[in-house]
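Contents: one structure, followed by commentary.
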Amino acid sequence: MSPPVQPIRNPEVKRTQLFIGNEFVNSVAGKTFETVNPATEDVICLVQAGDKADVDKAVAAARLAMKRNSVWRTMAPAERGRMLMKIADIIERDIVKIASLEVIDNGKPFSAAVGDIKVGVACLRYYGGYVDKIEGRTLCMEDGKMGYTRYEPVGVVAAITPWNFPFMLSCFKMAHALAAGNALVLKPPEQTPLTSLMLGDIVIEAGLPTGVLNIITGMGPTAGASLTEHPDVNKVTFTGSTEVGHLIQKASGDTNLKRVTLELGGKSAVIIGKSADLSKVVPLAQDACYVNMGQTCCALTRTFVHEDVYDEFVRQSAELANKTRAKVGDPFSDDIKYGPQVDKIQFDKILDLIDVGKKEGAKLECGGGRLTEKGYFVEPTVFSNVSDDMRIAKEEIFGPVQQIFKFKNIEEAIDRANNSEYGLAAGVFTNDLSEALYVSNALESGQVWVNSFMPGGMNTPFGGYKKSGIGREFGWDGLLPYMEVKTVIIKM
Ligand code: ADP
């Protein structure tokens, strides 16, 4: 067995500039923004803030890379696949450096950062292997005609990513877009821009042609919006809030009808039947809620529990959350499971919503406050007696706050779980197979997990019903929206 990897507590910040056409450059206006370590509240460094003029440059570089007969356009599919594999290999080699930087920028525990990066690597390898297996069809036609389809890249893709899984999501977007043969302009989140910038050096080392990947750090309403409005961007792939998803869809409609893949918010429910084994489902349900300090769009935050086991479930959940307090702290420490929230805005919002929950009459079983004087650490929190009309039952809290609801029968539980404007993920925890299948089919949600949490892999489509998004990522379903289907018909 290989020895456990040790983090670098003061990782080097090598890159803070925009990456355009294989060069690191300052923004045209020379503006910068601060990025902060959420565990200490210290400013790590200043990062270049791109704006419309920089977006124009990056899109032009990407467009050049997509020119007919360019190196990228004419590269053999197997070679394109090898590029993605090479990028994956370099990331794997540098995983300690990347993960350590992710820890200071985002606050997640080192082991979690390593885990995320491995998933990013897996995605690059999965789609690297897919490239030379993207095949069109020969079409059934009358005598004297033949037809076939080709999958072609959509062109220049803009990827706008959030702060909760910064490096991993940049890898996901890059893997999909490049496997399909597109060029990419990546806009990382302003809260956690540092690890995505490392991709610049990585793609240079891998030998990716100039302009295939460009990175514009900056603010959402300026850098991000300029990408969504740009007439020469063909597609936007976005992971983030539903609110910004609306803006992107609108910008697409108001400009050149960009294709969009939107992976948005959630308020996912888990239904826990009376046959469930509490010793297993209590920790599973809490992990599924607190994952990444609750900062996960598909976290199972609405916990519906059958009345027969409700009281005991609540008691055990509160007991567990109280114990988990000791597992929140310095993200570089080995025995830590949860770090701080990403920034003061999120931290304040969570504490505010906890206050709202108390005022609306939910019962605070444990937690509910800040954990330390310094750093944005929140106590693991459990609410019981939550009713569907409360704000904490409807709004995304994005923190370690579990909300437990009581139900009498399964039909009622399904209706209440579906009574949400979101539909990203859902769970059903039960020992009754028929119940598991019945509930899974009835839930309005892009993924349903039975007796598990996030068990999928790179071949399992992920995305939302309703306001949780448009389109899917991963597998063939995830790759298709990055391509145009061309039909060629020949009259013989
Ligand atoms: P969160 O609330 O989780 O921070 P956001 O949806 O606000 O999520 O942000 C996710 C990403 O979207 C970030 O990279 C952010 O800069 C970007 N963003 C924010 N506002 C806009 C906008 N108006 N247009 C395009 N991108 C935006």
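The values are calculated or read from the model by the stated rules, or taken from the named source; none is laboratory data. Note that this is a predicted model, so its numbers are computed, not measured. Quick reminder, even Gly has a Cβ in these numbers, built from the backbone with ideal geometry, and neighbours come from all protein chains shown.
Residue-level analysis places THR372 among those that are of a type outside the set (D, E, K, R), assigned by TED's automatic domain parsing to the domain that holds MET293 and modelled with pLDDT under 95. Count of the stretch 220-246 residues, restricted to those that are more than 10 Å from VAL185 (Cα to Cα), more than 6 Å from the ligand (Cβ to nearest atom) and not β-branched (Val, Ile, Thr), is 12. Residues in the stretch 188-218 that are within 14 Å of the ligand (Cβ to nearest atom) and out of contact with any Pro (no Cβ under 9 Å at 6 or more places or on another chain): 1 in all. Just one of the listed residues (VAL59, VAL55, VAL131, VAL43) is touching a helix residue (DSSP H, G or I) at 6+ places or on another chain (Cβ under 9 Å), at pLDDT 95 or above and within 30 Å of LYS344 (Cβ to Cβ), and it is VAL55. Do we find a residue being in the same structural domain as GLY273 (by TED's automatic domain parsing), out of contact with any His (no Cβ under 7 Å at 6 or more places or on another chain) and in a loop (DSSP other than H, G, I, E, B) anywhere in the stretch 310-321? No - not one qualifying residue is present in the stretch 310-321. Residue under question is ASN182, and the condition is that it be out of contact with any Asp or Glu (no Cβ under 9 Å at 6 or more places or on another chain), within 9 Å of the ligand (Cβ to nearest atom) and farther than 12 Å from THR217 by Cα; does it hold? Criteria not met by ASN182.
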